[in-house]
Amino acid sequence: MIKYGELTTKKGNRGFFVNTLYHNIINKLGNISTDISKDNSRMYIEFKEEDLDQILKKINNIFGIHEYLVATKIDTDLEGIKKEILEIAKREKFKTFKVECKRSDKSFPVQSIEFARQLGGIILKNIADIKVDVHHPEIIFNVEIRHKYTFIYTDAFKGLGGYPNGTLGRGMVMLSGGIDSPVAAYLTLKRGVKIDCIYFEAIPHTSIEAREKVITLSKKLSKYTDKIHLHIIPFTDLQEAIYKNVEPEYCITIMRRMMYRITERLAKENKCPIIINGESIGQVASQTLTSMSVINNVTNMPVIRPVACLDKLEIIDIAKKIDTYETSILPFEDCCTIFVPKHPVINPSLAMCEKFEENFPWQDMINKIVLEHQTLVIDDQKDEEFSDLL
């Protein structure tokens, strides 16, 4: 049983959000044999018992679910409910318990509080050495009585929350091999935004292993959506031109400005109205407020920075939770970490940036890069091999 949580606040748009969640669940469960139904407050997945572990693993990675639980479904019949809850209780191990009833079917002949007492009495009478504890029970037997069916369950699990992926459009994530950008991508997915990713490489200055690392990170992120298009940008010539024509302390600033321009081009071509990245205020020289302002100056497209106000330890905690941390710390450098000057400017001048950019034909180089970039389709449901690109 799936509980929607935040989706129930959507009023007139609730149907759109619930239907998107419904199709996302169907997509993620793939070839598992299930029967899925829904109403305005719940979604129900009927399944074969041997598939339970696999279903729970996938459900745990789907945004838009507030809570999920495994319930026994029976016909709404007074005596049948009493018999079934006793059978369930006999399979459990506990010393203290509580019964909670919710009666959405008001035609059911016994009120919720009274029926909970009756069910509790049946359990007490038939199982030795147990007692009721309404404040801190070891186990709670939940009974939801509906018009046709009744659901009985003991455990509820917290879902990922957020909005169903795909309800709020697409965004282009600037994905490096570091810790921050995969976390930013995950937090964006949680708000219902599908993502494309863009990765800048400068072979031979960056390694094939660095690319493999980003493909692996994209694969881990794809667990939370359907497919991710990973755009691999050949940045070598442009990065070398920057280091030949720009004062060392300004190289990182100019490089980031070029990355934003290329990202904007690819975002527009792929119908992504926003750019997302892993910038965190003050973490490095290019992420001071002045630097971010000067770098951001090259685009009018909204730039979303989900981790901007998180400290590094908070970001690392999320990275560990979503299983990207161990991949992110592999020692393969990306474009942003090679050729880093000893003293990068932390308060760059926009006028100086524009003056340095007059020294080389960056517009033509960007046009060439956009034409020559490669796109990989990363699908969590398939085990693609990209060995021909590595």
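The values are calculated or read from the model by the stated rules, or taken from the named source; none is laboratory data. Remember, predicted model here, so these are calculated numbers, not experimental data. Glycine gets a Cβ as well: all are built from the backbone with ideal geometry, and neighbour counts include every protein chain shown.
Lys82 - would you say it is surrounded by fewer than 12 Cβ atoms within 10 Å (Cβ to Cβ), under 26 Å from Ile140 (Cβ atoms) and modelled with pLDDT of 95 or more?
When the stated conditions are applied, Lys82 does not pass them.
Picking from Ile315, Ile252, which residue would you name as being buried (at least 18 other Cβ atoms within 10 Å of the Cβ) and farther than 24 Å from Phe360 by Cα?
Among Ile315, Ile252, only Ile315 is buried (at least 18 other Cβ atoms within 10 Å of the Cβ) and farther than 24 Å from Phe360 by Cα.
Got a sec? Which of Lys131, Lys148, Lys158 is over 30 Å from the mean Cα position of the chain (by Cα), surrounded by fewer than 20 Cβ atoms within 10 Å (Cβ to Cβ) and under 30 Å from Asn24 (Cα atoms)?
None of the other options fit; the residue is Lys148.
Tell me, yes or no, whether the range 97-116 has at least one residue that is in the same structural domain as Glu138 (by TED's automatic domain parsing) and in contact with a Phe, Trp or Tyr (Cβ under 6 Å, 6 or more places away or on another chain).
Yes, because at least one residue in the range 97-116 is in the same structural domain as Glu138 (by TED's automatic domain parsing) and in contact with a Phe, Trp or Tyr (Cβ under 6 Å, 6 or more places away or on another chain).
Give all pairs with beta carbons closer than 6 Å in which a residue from the range 79-90 that is closer than 16 Å to Asp155 by Cβ meets a residue that is of a type in the set (A, V, I, L, M, F, W, C) and part of a helix (DSSP H, G or I); count only pairs at least 6 apart in sequence or on separate chains.
Here the result reads Ile85/Leu119; Ala89/Ile123, each pair linking the range 79-90 to a residue that is of a type in the set (A, V, I, L, M, F, W, C) and part of a helix (DSSP H, G or I).
Within the range 1-32, which residues are surrounded by 13 or more Cβ atoms within 10 Å (Cβ to Cβ), over 19 Å from the mean Cα position of the chain (by Cα) and of a type in the set (Val, Ile, Thr)?
Answer for the range 1-32, where residues must be surrounded by 13 or more Cβ atoms within 10 Å (Cβ to Cβ), over 19 Å from the mean Cα position of the chain (by Cα) and of a type in the set (Val, Ile, Thr): Thr8, Ile32.
Conditions first: (1) in contact with a His (Cβ under 6 Å, 6 or more places away or on another chain); (2) under 22 Å from Lys223 (Cα atoms). Arg170 passes all but one, so which condition is the exception?
Single failed check for Arg170: (1).
This table checks each residue for (1) hydrophobic (A, V, I, L, M, F, W, C); (2) more than 24 Å from Lys312 (Cα to Cα).
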site	(1), (2)
Lys158	no, yes
Thr167	no, yes
Gly171	no, no
Gly178	no, no
Arg191	no, no
Thr216	no, no
Ser222	no, no
Ile228	yes, yes
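Within the range 275-297, does at least one residue satisfy the condition of being touching a His at 6+ places or on another chain (Cβ under 8 Å) and of a type in the set (Ser, Thr, Tyr)?
Looking through the range 275-297, none of the residues is touching a His at 6+ places or on another chain (Cβ under 8 Å) and of a type in the set (Ser, Thr, Tyr).
Within the range 283-306, how many residues are more than 17 Å from Met255 (Cα to Cα), in a loop (DSSP other than H, G, I, E, B) and modelled with pLDDT of 95 or more?
Within the range 283-306, residues that are more than 17 Å from Met255 (Cα to Cα), in a loop (DSSP other than H, G, I, E, B) and modelled with pLDDT of 95 or more number 5.
For the subset of the range 180-211 comprising residues that are of a type outside the set (Gly, Ala, Ser), surrounded by fewer than 21 Cβ atoms within 10 Å (Cβ to Cβ) and over 24 Å from Lys271 (Cα atoms), which member is nearest to the chain's Cα centre (by Cα)?
It comes out as Glu209.
Filter the range 100-113 down to the residues that are closer than 23 Å to Lys90 by Cβ and touching a Cys at 6+ places or on another chain (Cβ under 9 Å) and list them by number.
Across the range 100-113, the qualifying residue is only Val110.
On the given criteria, is Cys335 closer than 15 Å to Met174 by Cα, in the same structural domain as Lys194 (by TED's automatic domain parsing), buried (at least 16 other Cβ atoms within 10 Å of the Cβ) and modelled with pLDDT under 95?
Yes: the conditions hold for Cys335.
Against the condition in contact (Cβ under 8 Å) with a residue 60 or more places away in the chain, part of a helix (DSSP H, G or I) and assigned by TED's automatic domain parsing to the domain that holds Ile276, how does Leu238 come out, does it pass?
So Leu238 fits the description; yes.
Among the candidates Ser218, Ser280, single out the residue that is crowded, with 16+ Cβ neighbours inside 10 Å, part of a loop (DSSP other than H, G, I, E, B) and in contact (Cβ under 8 Å) with a residue 24 or more places away in the chain.
Ser280
Pull up the range 144-174, narrow it to residues that are in contact (Cβ under 8 Å) with a residue 60 or more places away in the chain and aliphatic (A, V, I, L, M), then point me to the one that is nearest to Met259 (Cα to Cα).
Across the range 144-174, the extreme among qualifying residues is Met174.
For the structure I just gave you, tell me whether Asp35 is surrounded by fewer than 16 Cβ atoms within 10 Å (Cβ to Cβ), without any contact (Cβ under 8 Å) to a residue 60 or more places away in the chain, out of contact with any strand residue (DSSP E or B) (no Cβ under 9 Å at 6 or more places or on another chain) and not in a loop (DSSP other than H, G, I, E, B).
no
For a quick check of your reading of the model, give me the residue pairs whose first member lies in the range 118-134 and is farther than 18 Å from Lys83 by Cβ, whose second is among the polar types (S, T, N, Q), with beta-carbon atoms closer than 6 Å and at least 6 apart or on different chains.
Correct list of pairs: Lys131/Thr96; Asp133/Thr96.
Does Ile65 satisfy the condition of being under 17 Å from Asp226 (Cα atoms) and either surrounded by 13 or more Cβ atoms within 10 Å (Cβ to Cβ) or of a type in the set (A, V, I, L, M) (or both)?
Answer is yes for this residue.
Being basic (Lys, Arg) and farther than 27 Å from Ile26 by Cα is the filter here; which residues of the range 218-245 pass it?
Answer for the range 218-245, where residues must be basic (Lys, Arg) and farther than 27 Å from Ile26 by Cα: just Lys244.
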